[in-house]
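First comes the structure, then the notes that go with it.
The values are calculated or read from the model by the stated rules, or taken from the named source; none is laboratory data. Since this is a predicted model, take the numbers as computed values, not measurements. Glycine also receives a Cβ, built like all others from the backbone with ideal geometry; neighbour counts cover every protein chain displayed. Heavy atoms of the whole protein, side chains included, go into the accessibility calculation; ligands, DNA and RNA do not. Shrake-Rupley method; radii C 1.70, N 1.55, O 1.52, S 1.80 Å.
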Amino acid sequence: SVLGREARAVLARLEAQLRSRPVDVPIRAASTAEASTWTPRLTNVRNYSGPDYARVVIDLSVQTRYAERRAGNRLSIQLSDAAISSSLGGRRFLVSEGSLLKRITAFDSGINSARAGGVQLDIEVGSLSSYSVVRLTDPERLVIDIHSGGTTRERSSPPPLRSIAGGVNYELRNRSPRTRPLADATSNAYKTLPEIAEPIVPFSPNDSRNGANASAATQELAAKIDARAAQSPIKRIVIDPGHGGHDTGTISASGMREKDLVLDVAHRLKAYIKRNYPDVEVIMTRDSDRFVALEERTAIANSRHADLFISIHANASPSRVASGVETFFLSPDRAPAEDLQAAARENARLASEKAADKPEPMFARVTVGNHVAESRELARYIQAGLVRGIGAESPRTAMNRGVKHAPFVVLLGAAMPSVLAEVSFLSNPKDEALLQTGQFRERVAASLFAGLNAYLKKNRAVESKGK
C-alpha cells in the first residue's frame with residue numbers, strides 16, 4: 001500500500017542516520033508516565049533543519065501549559081503537568097549533520113524535584129538569533145521556528161518578532177465552528193483586482209515541457225516577456241501541491257482526488273516559470289504522490305531561502321452549485337468565520353466526519369513581519385490571473401470569491417510572501433468535468449502564472465524606479 005511504502009522509506013532514512021551518527025542522549029520516560037489517561041503526554045518530536053533555520057514540532061496528546069526559556073544557544077520548553085509517552089522510552093531524536101539544529105533531548109522534569117510532573121525539552125542549535133513558538137490545535141502541537149544570525153539574503157531574514165519572556169507567544173483562541181457560506185460568499189473579498197497586461201495563452205498539447213518544440217503562439221508570448229525579467233530580484237520560488245500520499249484531500253463524486261489534481265497543476269506551473277524565467281529556481285514541496293506534513297512544507301521554503309511560496313489547492317462545499325476561485329494570505333487581522341472554516345478544512349488534513357464538532361484554531365494576534373503587504377499583493381495578482389484566465393473558458397468556474405486571509409498552517413511562519421490558491425470546486429460537477437481534461441488544467445496553470453508574472457514584473461518595475 002502507499003502507507004507501507006512511505007513507512008519503509010521513513011525507516012530506511014532513520015536507519016541511515018543511525019549508522020552515520022554518534023549515539024545521542026536518549027529521552028528518559030518516567031515510570032508513571034501513563035498512570036493517568038487524562039495527563040497531557042509528549043507523543044512525538046519532529047524536526048526540519050537547514051544551515052540557518054530549523055523548525056521543531058512538539059506533538060501532544062492534549063493541550064497543556066508551556067513556558068520557554070533561552071540560555072545562549074539552548075532553548076528549553078517546559079510542559080506543565082505533562083508526561084512522556086511510554087512509546088518514546090529510549091528513543092533518540094535524530095538531527096541532520098551540518099544543520100543549525102544540533103541536539104534535542106526530553107526528560108521528565110519532575111523526577112528529582114518536588115513538582116508533581118512536567119516535561120522539559122531542550123533544543124540545542126549552533127547559533128540562536130531569534131525564535132517563535134506557536135500553539136496549534138487539532139491535533140495539539142507546538143511549532144517552534146528558530147533562526148540563526150548572519151543570514152546574508154535580505155528576504156530570507158526572519159521577520160520582527162514580538163518578544164515575551166525571551167521568546168514569542170502567539171496566542172490561540174477557539175471559536176465555535178460555523179457553516180461555510182455557499183456560492184457568492186464575497187463579503188471579505190478584495191473586489192478591485194489588478195490588471196493582467198499580457199494575454200493568457202496556455203501551452204498547446206504539442207508543446208514540450210522544456211520548451212524545445214513550443215508552438216508559435218507560445219514562442220510569441222514568451223518573446224513578449226521583457227528581457228529585464230530575467231533580472232528579477234525573485235530567484236527562488238516554492239510551489240506547494242496540497243495534500244499527498246495517504247492524505248487525498250477533497251474527493252469528487254466521480255473519484256477525482258485533490259492531491260492528484262493539484263500535483264498536475266503544480267508541475268504545469270513550474271514549466272511556465274522555467275520557460276519564462278530560466279534563472280529562477282523552482283522547488284516543489286513534493287513532486288510525486290507522497291505525504292508531506294503541513295509544518296514541513298513551510299520549513300522547506302524557509303530553509304531553502306525561498307523568495308515566494310505558492311500553495312495550490314482545490315475547494316469543496318456541501319452545495320454542489322458552489323463554484324469560483326479564491327486566494328488566501330496570512331494576516332494578523334481577525335479572519336471572518338467563513339474563511340476560518342476553509343482554513344480548518346485544509347489544516348485538518350485527515351478530517352473525520354466529527355471534525356465539525358472540534359474547535360477551530362484562531363490566532364488572535366499573529367506577528368508576521370513585513371510580508372503581510374507583499375503576500376496580500378501577490379494574492380491579488382494570483383486571484384486576478386485565475387479570474388481572467390479561467391474565466392475566458394468558464395466564467396462560472398472563475399467567479400471571483402475574493403482575496404481573503406485565514407490561519408492556514410501551511411502559511412504560518414513563512415519568511416517570505418506566501419499565498420494559498422483554491423483553483424476550483426471539486427464538489428461542483430461542472431467544474432470537475434472541466435478539470436478532468438488536460439486542456440483545462442493547462443489553463444489553470446497558465447492563469448496562475450499570469451498572475452505571478454504580473455506580480456514579478458510590477459515589483460521589478462518598482463525596484464527599477466527606486467534605483
Exercise. Can you name the condition, by its number, that ALA446 falls short on among (1) open to solvent by less than 10 Å² (accessible area, probe 1.4 Å); (2) at pLDDT below 95?
Worked result: (2)
Problem set entry | Top-ranked residue of the stretch 426-441 - restricted to ones that are open to solvent by less than 50 Å² (accessible area, probe 1.4 Å) and among the polar types (S, T, N, Q), ranked as farthest from the chain's Cα centre (by Cα) | ASN428
Exercise. In the stretch 92-109, which residues are within 18 Å of SER129 (Cβ to Cβ) and crowded, with 21+ Cβ neighbours inside 10 Å?
Worked result: LEU100, LEU101
Problem set entry | Enumeration of residues in the stretch 24-43 that are open to solvent by 40 Å² or more (accessible area, probe 1.4 Å) and modelled with pLDDT of 90 or more | ARG41, THR43
Problem set entry | Pairs, first farther than 17 Å from ARG290 by Cβ in the stretch 250-271, second in a loop (DSSP other than H, G, I, E, B) and at pLDDT below 95, C-beta under 7 Å, six or more apart | THR250/ALA316; ALA271/ARG209
Exercise. For the stretch 375-406, how many residues meet the condition of being farther than 20 Å from PRO202 by Cα, touching a Pro at 6+ places or on another chain (Cβ under 7 Å) and open to solvent by 10 Å² or more (accessible area, probe 1.4 Å)?
Worked result: 1
Exercise. Any idea how many residues of the stretch 288-319 are touching a Pro at 6+ places or on another chain (Cβ under 8 Å) and modelled with pLDDT under 95?
Worked result: 1
Exercise. Are any residues in the stretch 66-83 in contact with an Asp or Glu (Cβ under 6 Å, 6 or more places away or on another chain), farther than 18 Å from LEU136 by Cβ and open to solvent by less than 30 Å² (accessible area, probe 1.4 Å), and if so, which ones?
Worked result: SER76
Seminar exercise, completed: The residue that is farthest from the chain's Cα centre (by Cα), considering only those in the stretch 403-425 that are outside any loop (DSSP other than H, G, I, E, B) and at pLDDT below 90, is HIS405
Exercise. If you check ILE273 against the conditions, is it assigned to a helix (DSSP H, G or I) and within 14 Å of the chain's Cα centre (by Cα)?
Worked result: no
Seminar exercise, completed: Scanning the stretch 251-269 residue by residue, the ones that are polar (S, T, N, Q) and either under 17 Å from the mean Cα position of the chain (by Cα) or open to solvent by 20 Å² or more (accessible area, probe 1.4 Å) (or both) total 1
